[in-house]
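Only the coordinates and a few stated rules stand behind these numbers; no lab work does. Given the structure is predicted, the values throughout are model-derived calculations rather than measurements. No Cβ is skipped: glycine too gets one built from the backbone with ideal geometry, and neighbour counts run over all protein chains shown.
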């Protein structure tokens with residue numbers, strides 16, 4: 001087997017594993033392609049084509065999906081972690097104005113708690 005073929009086949013499995021992880025995380029968190037696409041700053045049709053295997057993910061798309069997986073990784077335990085991740089993903093997918101309102105609300109709550 002030549003070096004080029006070995007290198008190519010090794011690279012070609014990385015996107016397949018990555019895409020499988022994305023699909024599994026989407027199912028676990030009950031997220032739509034639209035919400036994941038927004039969180040990754042991709043279009044939903046593009047994400048759909050990538051996840052279905054119609055097109056291969058480019059370097060930028062792979063990086064964005066890897067970052068999303070890192071952000072969406074459950075850090076807490078139990079069902080609370082899943083609920084928290086779902087809320088975070090919905091927040092990331094929301095409009096910037098909505099995120100700003102939520103941040104202001106959190107600051108007010110923090111001030112009241114002190």
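What list do you get for 71, 25 if you sort them by fewest beta carbons within 10 Å?
Working: 71 13, 25 19.
If I rank by nearby Cβ atoms, fewest first, I get 71, 25.
Computed over the Cα atoms of the range 14-53, what is the ratio Rg over Rh, Rh following Kirkwood?
Radius of gyration relative to Kirkwood radius: 0.93.
Among 100, 26, which comes first, then next, by fewest other beta-carbon atoms within 10 Å?
Least to most surrounded, the residues fall as 100, 26.
If packing is taken as the mean number of other Cβ atoms within 10 Å per residue, what is the order of 101-111, 52-62, highest first? List each step's numbers first, then the result.
Working: 101-111: 10.2, 52-62: 12.7.
Answer by packing, highest mean first, reads 52-62, 101-111.
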